[in-house]
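The values are calculated or read from the model by the stated rules, or taken from the named source; none is laboratory data. If you're wondering where the values come from, they're calculated on a predicted model, not measured in any experiment. Don't worry about glycine lacking a Cβ; one is built from the backbone with ideal geometry, like all the others, and counts go over all protein chains shown.
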């Protein structure tokens, strides 16, 4: 009888430990944060050549400054705190610079192509969250000129505030973003993370019991620009 109670007690202890320690084990040994969103790198940067004024178009670029856009969000998954970053290279756009001022800019992202290499999460993002069949793209449009007269030409960066309109899931709202800009050789490279509250854009963060997604996150971009 004593042996039976000992075995039963051991089973209960193991079950309780699994319940309590399970999320810790998952968070420590299984769940990992995704790589941070892409940001302008000065690795291999060169002194600027040519005039900054003119029309520039988004092109693919090359690592570490390859064009990419997507989102960053924090979530709790099976009790573990995780940062999730989705991205795509399917980005298009054009900017106009006149008299050393950025006077117009539009960047369009194919939301339906954003991936994090997890089929289940990607499917949830494309379907219930972003409804990409109805809203396949997101777009940022500059609303006010940005002064580029102090942009370095020695392969270093400047951080400049930009004001514009973000269109996400068919909803448009004014946004501000600090843009890191590099003029390297004959290329312009810019990156930034736009803070967003998802519900402001009609996006309902998933809360499915085993996963709870934060109400806010960022829309991220890195664009490599070449003269057209």
Residue satisfying all of: in region 45-67; on the phi > 0 side of the Ramachandran plot and either assigned to a loop (DSSP other than H, G, I, E, B) or outside the structural domain of residue 181 (by TED's automatic domain parsing) (or both); surrounded by the fewest Cβ atoms within 10 Å (Cβ to Cβ) among these: 50
From the options 178, 220, residue that is in the same structural domain as residue 52 (by TED's automatic domain parsing), more than 20 Å from residue 53 (Cβ to Cβ) and surrounded by 14 or more Cβ atoms within 10 Å (Cβ to Cβ): 220
Scan of region 107-128 for residues that are assigned to a loop (DSSP other than H, G, I, E, B), surrounded by fewer than 18 Cβ atoms within 10 Å (Cβ to Cβ) and under 15 Å from the mean Cα position of the chain (by Cα), ordered by number: 116, 117
Lone qualifier among 107, 132 - being out of contact with any strand residue (DSSP E or B) (no Cβ under 7 Å at 6 or more places or on another chain), in the same structural domain as residue 193 (by TED's automatic domain parsing) and closer than 27 Å to residue 203 by Cβ: 132
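Go through region 89-104 residue by residue and tally those that are assigned to a strand (DSSP E or B) and touching a strand residue (DSSP E or B) at 6+ places or on another chain (Cβ under 8 Å).
The total comes to 11.
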Every pair of residues 6+ apart whose Cβ atoms lie under 6 Å, when the first sits in region 32-59 and is closer than 23 Å to residue 154 by Cβ while the second is at pLDDT below 95 and assigned to a strand (DSSP E or B): 54/227; 56/227
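Which is crowded, with 18+ Cβ neighbours inside 10 Å, touching a residue at least 12 places away in the same chain (Cβ under 8 Å), over 18 Å from the mean Cα position of the chain (by Cα) and farther than 24 Å from residue 188 by Cα, of 102, 77? If you could, list the steps in order and put the result at the bottom.
Working: 102 fails: farther than 24 Å from residue 188 by Cα.
So the residue among 102, 77 that is crowded, with 18+ Cβ neighbours inside 10 Å, touching a residue at least 12 places away in the same chain (Cβ under 8 Å), over 18 Å from the mean Cα position of the chain (by Cα) and farther than 24 Å from residue 188 by Cα is 77.
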Residue in region 29-38 that is modelled with pLDDT of 95 or more and closer than 30 Å to residue 183 by Cβ present: no
Any hit, region 187-198, residues being free of Cβ contacts under 8 Å to residues at least 40 places away in the same chain and surrounded by fewer than 13 Cβ atoms within 10 Å (Cβ to Cβ): yes
